[in-house]
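Notes follow once the structure below has been shown.
The values are calculated or read from the model by the stated rules, or taken from the named source; none is laboratory data. Note that the structure is predicted; figures quoted are calculated from it, not measured. Glycine gets a Cβ as well: all are built from the backbone with ideal geometry, and neighbour counts include every protein chain shown. Each accessible area value is taken on the protein alone, full model and side chains, heavy atoms only, with ligands, DNA and RNA left out. Shrake-Rupley method; radii C 1.70, N 1.55, O 1.52, S 1.80 Å.
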Amino acid sequence: MSEIVKTVSRIFAPLIIVFGIYITLHGHLTPGGGFAGGIVIAGAIILLVLAFGGIKERLERERKTTSRLESSGILLFWLVGSLGLLIGGIFFLNFLGKGIPFTIFSAGIIPICNIAIAAEVGGAISTILLALVLFKKEEE
Amino acid sequence: MVEIYLLSILMILGAILAIWVHNLIAAVISMGIVGFGLALSFMFLGAPDLAIVQIVVETMSLVILIAAIIKTTEVDSPDERRLSRVSIYIGSAAFFIVFLLISVKVFRFLPVFGSPTLRMASDYITSGFDKTGAPNLVAAVILNLRGFDTLGEATVLFTAVIGLVVVLRKIGRKK
């Protein structure tokens, strides 16, 4: 891509990632949540890959990282649900206590689940894009 | 309510245009009309959570589809016509009339727009904040009261990515 696109995406991609993290962490207070935050973060990664490209080995390494991120996200989500089963006998029991409402450390397991969903969705969408890009690079 | 009807008409026109045009980039942009119209309808119906997701997903899919189309071909290949034009029109008209008759029968039994029949849903709305302590009711429902549904949803995405990576991997691909 041209120098303008590279410069603009270099400036904006960190801001987009910070916005995605904000949406994820405030998911139980404001509109948004894990799904929206993860997709926004994946959008920043897609912007960087489309603007800068990269050699095959580096993209391969990135794909392994996003794949691990995705797997750990769904593992964390499953773990939180099973901990409720172990502690209270109900799957997805809110075992952490509600805390003070309208603060960031409240609502029990909901923020943890939001982080897990964000890792899962962001990793999944970036893995899809990187797998397609690598497939194209191997065909050439 | 007028906005929702206008947006629905715009989205249907965009979908028809996407099938009708031969230039593939024009077809993808017409699909963008459908997606962004859907995001606007979510905003008018008071669902900003869904609107954020819809806008980002639509933009990303537009970018990826346009990148895929530029690399390949831009014009739709003409399909071979086995049936004559008249029989296609008659068949579509017959399907439309049957669908219209059935829907006139069925749609009378649907509840009024905005008044769900599930009693459970109103219980979530009234006592969701007290039960979970989360001010965002959508997060309370999808991650606490209905957490099992979200786990299934995440599993679907995970399985889709596994399938894609397996299909596109290098080992076992025939030359």
| task | Using only Cα atoms, tell me the angle between helix B:119-132 and the longest principal axis of chain B; keep it within 0 to 90° and round to the nearest 10. | result | 60
| query | Based on the Kirkwood radius over alpha-carbon pairs, what is the Stokes-Einstein translational diffusion coefficient of region B:115-175 at 37 °C with 0.692 mPa s viscosity, in µm²/s? | reply | 227
| Accessible heavy-atom area order of B:146, A:63, highest first, probe of 1.4 Å | B:146, A:63
| remark: Rounded to the nearest 10 Å², the accessible area of residue A:72 using a 1.4 Å probe with every protein chain kept is 60
| message | If R₀ is 25 angstrom, what is the calculated FRET efficiency for the pair residue A:22 and residue A:98, using the beta carbon separation as r and rounding to 0.05? | response | 0.65
| request: Take chain A, connect every pair of alpha-carbon atoms lying under 10 Å apart with a spring to form a Gaussian network, then pick out the residue of A:27, A:122, A:38 with the largest mean-square fluctuation. | output: A:27
| Can you give the angle from 0 to 90° between the axis of helix B:48-71 and the longest principal axis of chain B, with both taken from C-alpha atoms, to the nearest 10? | 20
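Quick one: grab the alpha carbon gyration tensor of region B:14-133, order the square roots of its eigenvalues as a ≥ b ≥ c, and give me rounded if a/c is under 1.5, else prolate or oblate depending on whether a/b is larger than b/c.
Values: a/c = 3.97, a/b = 1.38, b/c = 2.87.
Taking the square roots of the gyration eigenvalues as a ≥ b ≥ c, region B:14-133 is oblate.
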| Exposure of residue B:43 as accessible area (Å², to 10), given a probe of 1.4 Å and all protein chains | 110
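So what is the relative contact order for chain A, in percent, with contacts set as C-alpha pairs under 8 Å and at least six apart? Each step should come with its number before you reach the end.
Working: 194 pairs, mean separation 44.4, N = 140.
Normalised by residue count, the contact order of chain A is 32 percent.
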| said: Per residue, how much accessible surface does chain B expose to a 1.4 Å probe? Answer in Å², no decimals. | reply: 73
| query | Quick one: if the Förster radius is 30 Å, what FRET efficiency do residue B:89 and residue A:135 give, using the C-beta to C-beta distance and rounding to 0.05? | reply | 0.15
| field | Whole-Hz couplings from phi, Karplus 6.51/-1.76/1.60, listed for region B:28-37; x for Gly and Pro | value | 5, 5, 5, 5, x, 4, 4, x, 6, x
| request: Quick one: give the max-minus-min coordinate of the C-alpha atoms of region B:1-76 along each principal axis, largest first, in Å. | output: 40, 23, 9
| field | Convex hull volume of region A:29-140 per residue (C-alpha atoms, cubic angstrom) | value | 104
| field | Degrees, to the nearest 10: A:110-139 long Cα axis against longest axis of chain A | value | 20
| task | List the relative contact order of chain B as a percent without decimals, with contacts defined as Cα pairs under 8 Å and 6+ residues apart. | result | 13
| task | Convert each backbone phi in region A:15-21 into a coupling constant with the Karplus relation 6.51 cos²θ - 1.76 cosθ + 1.60 (shift: θ = phi - 60°), then list the ³J(HN,Hα) values in order as whole Hz, x for Gly and Pro. | result | 5, 5, 5, 5, 5, x, 5
| message | With θ taken as phi - 60° and the coefficients 6.51, -1.76 and 1.60, list the Karplus ³J(HN,Hα) couplings across region A:31-47 in order, rounded to whole Hz; mark glycine and proline as x. | response | x, x, x, x, 5, 5, x, x, 5, 5, 5, 4, x, 5, 5, 5, 4
| task | Could you tell me the total accessible area buried at the B-A interface, probe 1.4 Å, in square angstrom to the nearest hundred? | result | 3500
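When the solvent-accessible surface of protein heavy atoms is calculated with a 1.4 angstrom probe, in what order do B:22, A:28 fall, highest first?
If we order B:22, A:28 from most to least accessible, we get B:22, A:28.
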| Taking only C-alpha pairs under 8 Å that are 6+ residues apart, what is the relative contact order of region B:25-76 in percent? | 43
| query | How big is the protein assembly as shown in terms of Cα radius of gyration and Dmax, in angstroms? | reply | 23.0, 70
| request: Sticking with the crude label model, points 7 Å out along Cα→Cβ, report the distance from residue A:4 to residue B:127 in nm, one decimal please. | output: 5.9
